[in-house]
């Protein structure tokens, strides 16, 4: 039997770098049972892996520790449970940092759970020997092409280990890579006792999690009709009112900015959408065409009758690899004929580099004239008048770090040896930085074991 008729789950982070005010205000401005925090994009784990290689105590979302430091007494007092994928590639180090926060506030008995099993970087060769090909889902290429440059490899785990951690009494649940909707689905499985074959309800929880996974993007942020959104500065982050039968409402705390409407929710529903009738997750396949969605009062959208089906027998694997080097820089060029001067400046850079023996093919270089309709070329209308300023953005990429670095030394001299009007230079001389490539693949589920460990701080 469900422990509650209704559970309130809110998501306060859409990515690593989202506003810290989102979760703080969710906790303070209205009732809440669960606070979820999504820090991981596809490239984030590779960044964390690089940080960990430099310092064994790193590799997790440090923003999360700072957030807990600010709100821990309130979390404990209100008994709000937190589920976050902030563990990244080093969840145990994150636990140690959280223990220090608990001690700092003089609290005792705070249970922190860790879900492990997603990180397979050290197992790749063994898994390949066992038959896993890790073929690229987009191109079909074998992993052998980039095997020696793989920097991270993580499986998208499902929501049931999160439910297990909550059943073990955890107030804070830390995961590494898992599905974004799973952060919400895990608490609902725990609270309502949904089983692994309860596909309709699992699909409902998945869709609820998908709607809120980008935070304020479903409450008025990044919204087409942005002029209609009130008080975007104090936008309310989304709250799910979930029920045991799988129906739920999307809303926000009363008195907060932003808006929740059928349109704001629909905008987010189609985010990162492939086949809408087969949204694949480790826990189920959700049918985004099955349900009914209606506005049920001010800032409230109800969703019901979600249909789901059995999941596939594979996990998706997110891998990253070293894919060369890049350098990018920009100049602001102002005054009459700004666009023509910017085009000349770009030509000057390439000719000077060629004189010194450094040439870059069409697929190795980029030139953009920001202010001349580069962002929506061919779509957005451009004012008939000439722009009075242009930002010239240039960049190169390739496998040779020295060649990429050489580019950076010819952009700055345009200030005195280029056309007139070079009035702004940002970011210093461009230097070569690593390019991280993304390699999506599949692998059999039965080759992954998850582990849940609970610590008492």
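Based on Cα contacts under 8 Å between residues 6+ apart, region 320-438 shows a relative contact order of 51 percent. Here, region 144-247 yields an orientationally averaged convex hull projection of 10.5 nm² when only Cα atoms define the hull. Each label point was placed 7 Å from the Cα along the Cα-to-Cβ direction; for residue 409 and residue 355 their separation is 1.4 nm.
Would you mind giving the three semi-axes, in whole Å and largest first, of the ellipsoid equivalent to region 320-438 according to its Cα gyration tensor? Show your work: numbers first, answer last.
On the way: eigenvalues 130, 66, 27 Å².
Largest first, region 320-438 gives 25, 18, 12 Å.
For the pair residue 227 and residue 272, label points projected 7 Å from Cα toward Cβ lie 3.2 nm apart. When restricted to Cα atoms, region 75-150 yields an Rg and a Dmax of 19.1, 54 Å, respectively.
Taking a label point 7 Å from the Cα of residue 78 along the Cα→Cβ vector, which residues of region 23-57 have an amide N closer than 16 Å to it? Label zone hits: 23-37. Cα centroids of region 1-43 and region 135-164: 27 Å apart.
The mean sequence separation of alpha-carbon pairs under 8 Å and at least six residues apart, normalised by the residue count of region 179-235, gives a relative contact order of 33 percent. Packing around the peptides 57-70, 435-448, taken as the average count of other Cβ atoms within 10 Å per residue, puts them in this order, highest first: 57-70, 435-448. Put a dot 7 Å past the Cα of residue 139, heading toward its Cβ, do the same for residue 125, and the two dots end up 2.4 nm apart. Summary of packing: across the peptides 276-283, 239-246, the per-residue average of other C-beta atoms within 10 Å ranks them, highest first, as 239-246, 276-283. In a fully extended conformation the segment linking residue 21 and residue 254 would gain 82.3 nm over its present Cα-Cα distance, using 0.36 nm per residue.
Adding -39500 (n - 2.57) for every DSSP H run of four residues or longer, then dividing by how many residues the chain holds, sets the calculated 222 nm ellipticity at -8500 deg cm²/dmol.
Inter-part distance, region 190-255 to region 430-457, computed on C-alpha centroids, equals 26 Å. Across the chain, the mean sequence separation of Cα contacts (distance under 8 Å, 6 or more residues apart), normalised by length, yields a relative contact order of 18 percent. Axis of helix 44-54 versus longest Cα principal axis of the chain: the two differ by about 80°, to the nearest ten degrees.
Counting DSSP beta bridges in region 69-222, what percent are antiparallel, to the nearest 5?
Values: 1 of 9 bridges.
Bridges in region 69-222 are about 10 percent antiparallel.
Based on the Stokes-Einstein relation at 4 °C and a viscosity of 1.567 mPa s, and on the Kirkwood radius from alpha carbon pairs, the chain is assigned a translational diffusion coefficient of 53 µm²/s. Protection proxy ranking of 176-187, 352-363, 94-105, by the mean of other Cβ atoms within 10 Å over each peptide's residues and highest first, is 176-187, 94-105, 352-363. Restricting attention to the chain, close to 80% of DSSP beta bridges with both partner residues there are antiparallel.
Values in this text are rule-based calculations from the coordinates and carry no lab data. As the structure is a prediction and not an experimental result, all values here were calculated from the model. So basically every Cβ, Gly included, is an ideal-geometry build from the backbone, and we count neighbours across all protein chains shown.
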